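The structure appears below as structure tokens.
The values are calculated or read from the model by the stated rules, or taken from the named source; none is laboratory data. What you see is a predicted model; the values in this text were computed from it and never measured. Because the Cβ atoms are built from the backbone with ideal geometry, glycine has one as well, and the counts that use them run over all protein chains shown.
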Amino acid sequence: MIHRWFGPFIRKTFLMLALVGGAALAARAVNTGVIAYWPFGSAGLTDASGNGHDLEADGVTVGEYLTFDGTQTKCSTIGNIDLSAYTNITVECMVRRSHDGMSGAELFLEHTENFNNNPGGFYINIDEAAPDVIVTTWKTGGYFGKRSGDNALADGKWHHVMMTIDQSDRSATMLKLYVDGTRCDTQFAQTSIPTPPFFLKNAKLYLGSRNNSKFKFAGDIDEVRI
């Protein structure tokens, strides 16, 4: 069982990406409501949820967690992950950056080949100007984003990052961001609240870059769950 507030204290460094239909994962059994789950370690790139969403990777070190050096050429699900049936999801991860200097935006994950070209996608990334966490979702006619502030990932340590999206909430709290268990979601961009449904059916989940080609992340990711 993985609790979101343990992020900075757990010895086993892990990233958890969790897209869960419904509530947050805290105090839930590993496979309850889980669409996909990648614990890495002995499981390698296999989806431990049993739903068959295995990953493929090239240029990524696969051990107890995934290590990206910023030159990786592939890390994504082999097939698409269909989220279109869900009204709300939670996405959470443990992440550790491996450098201090800013080199532009770096994507932890993105559910689409390119968020800008595929309305309905979402992403979690490091800001271009400061090591803050940014989460964003959108659909044609609606773009909405939150950021952590306070240089949240500047110290090179492991941090727990979680976003929730609730399509039934037609307000600014539709999208929430937490870092190390604390809500810290300053609104930074909005054209309008997206109109549901806006989760994608035919999209891969990319880890560590946009479509394996740009905004490449340098650091570690572990324990990914949907």
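Structure data summary
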read-out: Subset of the range 35-68 [surrounded by 14 or more Cβ atoms within 10 Å (Cβ to Cβ), in contact with a strand residue (DSSP E or B) (Cβ under 7 Å, 6 or more places away or on another chain) and part of a strand (DSSP E or B)]; value: Y37, W38, L55, E56, A57, L66, T67, F68
read-out: Residues of the range 146-180 classified as under 15 Å from the mean Cα position of the chain (by Cα), touching a residue at least 40 places away in the same chain (Cβ under 8 Å) and not in a strand (DSSP E or B), total; value: 3
read-out: Given (1) modelled with pLDDT under 85; (2) within 20 Å of D222 (Cα to Cα), number of the condition G70 does not satisfy; value: (1)
read-out: Residue within the range 107-123 that is at pLDDT 80 or above and surrounded by fewer than 21 Cβ atoms within 10 Å (Cβ to Cβ) present; value: yes
read-out: Of residues in the range 73-83 being surrounded by 18 or more Cβ atoms within 10 Å (Cβ to Cβ) and modelled with pLDDT under 95, the one nearest to G219 (Cα to Cα); value: I81
read-out: Subset of the range 181-226 (residues that are modelled with pLDDT of 80 or more, hydroxyl-bearing (S, T, Y) and not in a loop (DSSP other than H, G, I, E, B)); value: T182, Y206
